[in-house]
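Quick notes on the structure that follows.
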Amino acid sequence: MDNQKLAVQIDDLTVAYNYKPVLWDIDLSVPEGVLMAIVGPNGAGKSTLIKTILGIIKPIAGSVSIYGKPYSKQRKMVAYVPQKGSVDWDFPTTALDVVMMGTYGSLGWIKRPGQKEKKIALESMEKVGMLAFKNRQISQLSGGQQQRVFLARALAQDAAIYLMDEPFQGVDATTEIAIINILKELRKAGKTVVVVHHDLQTVPEYFDWVTFLNVKKIATGPVKEIFNDDNLTKTYGINYKVAVNK
Amino acid sequence: MSNPQIEIQLIAALVAMACAIPGVFLVLRKMALISDAISHAILPGIVIGFFITQDLNSPLLILLAALTGVITVVLVEFIQKTGLVKEDTAIGLVFPVLFSIGVILIAKNANDVHLDIDAVLLGELAFAPFDRLMVRGTDWGPKSLWVMGSILLITISLLLLFFKELKVSTFDAGLSSAIGISPVIMHYGLMSISSITVVGAFDAVGAILVVALMIAPAATAYLLTEDLKKMIGLSLLFGVSSAISGYWLANILDASISGSIATTLGVLFLAVYLFAPKKGLISVLYRQKQQKIEVSLITFLLHLNRHEEESERHINHLQEHINWHEVRARTVLNLAEKNNLVEIKNNVVSLTEKGLTFTEKSLEYIINNKDEKIEPMKEDFFLFRG
Ligand SMILES: Nc1ncnc2c1ncn2[C@@H]1O[C@H](COP(=O)(O)OP(=O)(O)OP(=O)(O)O)[C@@H](O)[C@H]1O
Ligand SMILES: [Mg+2]
């Protein structure tokens, strides 16, 4: 591993809400170029971990670095897909406008998006097959389409690292395949992709790296080596058996 | 129109515009209540400011009182963060306390303070033209006109500069924070502007109308458009037109101007709430009824599709078999016939070619759980078109 760069490095991270720790002393290194799943039960702290990496939540101890520097210096290297339920889909705006928000980070304060940003947004929408819906009001999109809009927005951020919170939530099989293909494309292009994922059956098929999380980090590493019943049982508490097809 | 009449309307229109802009973002952030809290909690700030400056329109007083507004927000958030109570409870705890401190301050110093609580709450626009800005003996017009004009100018400049930031931090605070557009800064910026607007306007129109002018135009516009820029435009339009027509209503009824404007805002909201084309109550009810008929229609067609035997498809049997109220059965049958989905021979109903395709397609979509495809399909088959 010494010769491989670390995209994300987390040291001794503890995060609490109202003084109640929800992440406890986490050490985690994500090598550059992996497609990594974060798995763990509801309330395990998966979303919290992602938000802490992004500086949205401040940890009470520990540190996060992106390619060796603090996140605040590396904002433009990281793109984010939040959990779909975290925004108000009745907000008065169109799909294209939401995707354009992906370009706001590189624009910085005050500067307004122009033709260049619009072009980036349209290209991203094309990649996720949402071009036809660009002028749709976002409340009039189906759940899967909303998820694709979020994905397009992350693509418009044009980053080196993509952090995604349950991008497969509530999407049908076709959309799921479309999304995973885009994620694999990103990996092929040398990007690092971290995905909070709930469907354990598909982990070996979709991902090459996995982190087990439940308040503490249980294990992290290549799917082939550590995705086993032992770690699943440690993470989910019950005696877990999945057919791991290798 | 006399000069004071024009001045009053001008002041009312400026207040309406200055309130409408922050109002849109308060409504979208589901923070309508906080404007109410600010409008009451600034009272002690105003009283203390008045002790110091002896002038209700002094910029220092406005800043002091606005600071009280921001402190209110901080207090509310602090109480909420303890996790012991919800936000609305926290608001309900903070603002009565601050408001009563203001009331006590006024009562204790009744002799020195020419402030009256009725005027603070209800305001009286009719008096606004009397307080004039005099510079070296020249009359520059009513003070409120200058105060509100400046506040409006600041608000519009900030809106134009930070439109993108306001939008992204309102829609998705997480992303906003991640890309370095601090939602905390945007939040307190919005709270400061709201507080300044409330303080600037309360002297002219009273606290209650300020809240109405912030929330009602935005809430009305929200029912009519799905575009943020249009929502702001409509809010400005509704605010100003309610202010002007409220003024004339008061003239005709010989009533309080602030009261009439607030009433106009309420009536306008109610009218839009009932009649708005998409989100209005009537069109929502109509759509629900239509959907009910559509579901019945599809059920009915599926029944025809599954039953070859004529007895099952006899008009008199249908009612009993599908178990509908007679009226609905007739509506559905008429709709199906009008769209050439079925034909009736000797009181026996059968699917037409078109009806058959329609039924099979719906069945396919229902089975595959692709409900969204049924919508455009209805268009293809010209359902519900005259
Ligand atoms: N804003 C908050 N305030 C207080 N507690 C919170 C907050 N957000 C999350 N929590 C708590 O922190 C814990 C971790 O939450 P988190 O959202 O990170 O879980 P998760 O692993 O993403 O779960 P899920 O699979 O349901 O999305 C949970 O116990 C949750 O109740
Ligand atoms: Mg989560």
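The values are calculated or read from the model by the stated rules, or taken from the named source; none is laboratory data. If you're wondering where the values come from, they're calculated on a predicted model, not measured in any experiment. Note that we place each Cβ from the backbone using ideal geometry, even for glycine, and neighbour counts take in every protein chain shown. Heavy atoms of the whole protein, side chains included, go into the accessibility calculation; ligands, DNA and RNA do not. Shrake-Rupley method; radii C 1.70, N 1.55, O 1.52, S 1.80 Å.
Summary table below
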{"item": "The range B:203-247-the range B:265-282 distance, computed between alpha-carbon centres (Å)", "result": "14 Å"}
{"item": "Accessible-area ranking of A:187, B:287, largest first, probe 1.4 Å", "result": "B:287, A:187"}
{"item": "Overall form of the range A:162-204 per C-alpha gyration tensor (a/c, 1.5; a/b vs b/c)", "result": "prolate"}
{"item": "Other protein chain Cβ atoms within 10 Å, averaged over every residue that makes up B:163-174", "result": "6"}
{"item": "For peptides A:215-223, B:77-85, sequence by mean Cβ density within 10 Å, most packed first", "result": "A:215-223, B:77-85"}
{"item": "Protein-protein interface of the range A:87-102, residues with accessible area decrease of at least 40 Å², isolated chain reference, 1.4 Å probe", "result": "A:87, A:88, A:91, A:92, A:101"}
{"item": "Distribution of pairwise C-alpha distances over chain B, 10 Å bins, in %", "result": "5, 19, 22, 16, 11, 11, 9, 5, 1, 0"}
{"item": "When the convex hull of its Cα atoms is projected in every direction, mean area for chain A (nm²)", "result": "13.9 nm²"}
{"item": "Residue with peak Gaussian network fluctuation, chain B [Cα springs, cutoff 10 Å], from B:195, B:256, B:311", "result": "B:311"}
{"item": "Solvent exposure of chain A as accessible area per residue, Å², 1.4 Å probe", "result": "45 Å²"}
{"item": "Estimated dipole of the range A:1-59 in Debye, rounded to 20 [Cβ of Lys and Arg +1, of Asp and Glu -1, Cα centre]", "result": "360 debye"}
{"item": "Among the listed pairs B:278/B:338; A:20/A:217; A:73/A:216, those beyond 19 Å (Cα-Cα)", "result": "B:278/B:338; A:73/A:216"}
{"item": "Size descriptor, Kirkwood hydrodynamic radius, that averages inverse alpha-carbon separations across the protein assembly as shown, Å", "result": "28.6 Å"}
{"item": "Averaged over A:207-216, number of beta-carbon atoms from partner chains that fall within 10 Å", "result": "0"}
{"item": "Residue mean of other protein chain beta carbons inside 10 Å, A:106-114", "result": "3"}
{"item": "Cα centroid of the range B:72-89 to Cα centroid of the range A:175-217, whole Å", "result": "38 Å"}
{"item": "Magnitude of the charge dipole, the protein assembly as shown, Cβ model with Lys/Arg +1 and Asp/Glu -1, debye to 20", "result": "1280 debye"}
{"item": "Pairs from A:119/A:184; A:5/A:127; B:30/B:143; A:58/A:116 whose Cα-Cα separation, in the structure shown, is over 26 Å", "result": "A:5/A:127; B:30/B:143; A:58/A:116"}
